[in-house]
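A.B. asks: Handing you this structure, nothing more for now.
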Amino acid sequence: MPENPLLPNAKLKELYALMQRVRALIPRSSAAPRFEAILAATLMHVEPGDFVSPPLGTSVPALLATERTTPRKKSAPKNPPPPLPTRQRLATVAGIAHGLKLSGAGRFALYYTDAGPSTARTEAGWDEALAYAARAELPLLLVCADATGGRRIQNPQAISWPSMAKLARQLRFPILTVDGSDAVAVYRVMQESANRARLGDGIAVLWCVLPSPGDTSASTGPIRNLRRYLAARNLIPSATSNRSPA
């Protein structure tokens with residue numbers, strides 16, 4: 001099978017290894033959605049000088065970004081401070097993105113969040129911070145994991161598909177929906193968005209749809225899906241896909 005120039009075989013293997021690293025670092029209950037495709041496929045495009053703001057409750061994206069973009073040190077890295085609430089965190093990241101734009105270095109800020117029950121903590125004002133970033137054409141990429149299954153979010157202040165889609169229409173910034181369990185699809189969407197941000201074309205939102213927590217209809221996981229993709233291209237032995245966990 002011909003090699004895809006936009007996602008070479010070496011990058012596919014690197015993506016697979018990074019997904020396994022994410023799975024090892026983030027404990028997961030059987031009822032929780034699987035985020036490894038989203039995190040790995042977006043972090044693959046982070047370069048030295050980019051800024052990563054991890055989602056509430058985990059510092060894993062920032063840790064992996066540091067591992068990928070800075071020389072290894074003998075001493076263990078210090079734990080980062082607890083993240084700020086959504087409104088303050090997004091406003092802070094927008095400010096950092098403004099600084100990156102002024103530097104002219106072609107760098108972007110990457111912000112992770114989610115839609116769903118955890119957004120009950122979201123306070124009013126996140127949309128104002130995002131609107132500022134959009135109007136100033138800042139190099140800010142917002143990656144949202146949506147495991148709501150289309151359910152209505154009761155909190156009117158929450159980050160949700162209706163509120164984000166409305167804001168995107170008003171301010172005319174791209175909101176790109178993608179299967180959050182498909183690492184290759186997330187990689188391609190992030191690739192396009194990262195290149196766009198580095199060229200100075202402003203913000204973008206990657207809306208990554210995941211199975212609802214506890215959804216038993218999702219019989220395969222992101223790692224298993226990518227392993228089958230690699231096996232079909234003879235990049236790993238097909239037998240591996242039957243032995244390794246999802």
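A.B. asks: Please turn the phi angles of the range 128-133 into ³J(HN,Hα) values with the Karplus equation 6.51 cos²θ - 1.76 cosθ + 1.60 (θ = phi - 60°), one per residue in order, whole Hz, x for glycine and proline.
C.D. replies: For the range 128-133, the Karplus curve yields 5, 5, 5, 5, 4, 5 Hz.
A.B. asks: Step through the residues of the range 95-106 one at a time and calculate ³J(HN,Hα) from phi using the Karplus curve (6.51 cos²θ - 1.76 cosθ + 1.60, θ = phi - 60°), rounding each to whole Hz and writing x for Gly and Pro.
C.D. replies: x, 5, 4, 5, x, 5, 5, 5, 5, x, 8, x
A.B. asks: Still on this model: From the square roots a ≥ b ≥ c of the eigenvalues of the alpha-carbon gyration tensor of the range 138-217, which class results: rounded (a/c under 1.5), prolate (a/b over b/c), or oblate?
C.D. replies: oblate
A.B. asks: Okay, moving on. Quote the FRET efficiency, to the nearest 0.05, computed for E3 versus A105 with a Förster distance R0 of 30 Å and r equal to the Cβ-Cβ distance.
C.D. replies: Computed FRET efficiency for E3 and A105: 0.45.
A.B. asks: Also: Starting from the Cα-Cα distance between E192 and Q170, subtract it from 0.36 nm times their residue separation and give me the gain in nm to one decimal.
C.D. replies: Extending this stretch completely gives an extra 5.7 nm.
A.B. asks: Run the simple label-point estimate for A185 and S212 please: 7 Å along Cα→C-beta, distance reported in nm.
C.D. replies: Result: 1.9 nm between the two label points.
A.B. asks: Taking amide H atoms as placed 1.01 Å from N in the peptide plane, list the residues 5 or more away in sequence, or in a different chain, whose amide H sits under 5 Å from that of N4.
C.D. replies: So N4 has HN proximity to N9.
A.B. asks: For G180, list long-range residues whose amide hydrogen, built 1.01 Å from N in the peptide plane, is under 5 Å from its own amide hydrogen.
C.D. replies: Placed amide hydrogens put V209, L210 under 5 Å from G180.
A.B. asks: Just subtract the alpha-carbon distance of T69 and A136 from 0.36 nm times their residue separation and send over the number in nm, one decimal.
C.D. replies: Separation in residues times 0.36 nm, less the Cα-Cα distance, equals 21.4 nm.
A.B. asks: Applying 1/(1 + (r/R0)^6) with R0 = 22 Å to the Cβ-Cβ distance of L25 and E47, what FRET efficiency is obtained, to the nearest 0.05?
C.D. replies: Rounded to the nearest 0.05, the efficiency is 0.55.
A.B. asks: Another one. Go ahead and run the numbers for FRET between L199 and R228, Cβ-Cβ distance against an R0 of 45 Å, rounding to 0.05.
C.D. replies: My answer for the efficiency is 0.85.
A.B. asks: Can you list the residues, at least 5 places off or on another chain, whose amide H is less than 5 Å from the amide H of A109, using H built in the peptide plane?
C.D. replies: F51, L140, L141
Each reported figure results from applying straightforward, stated rules to the coordinates on display, with no laboratory input. Only a predicted model underlies this, so the values are computations on that prediction, with no experimental measurement involved. Every residue, glycine among them, receives a Cβ derived from its backbone with ideal geometry; neighbour counts consider all protein chains shown.
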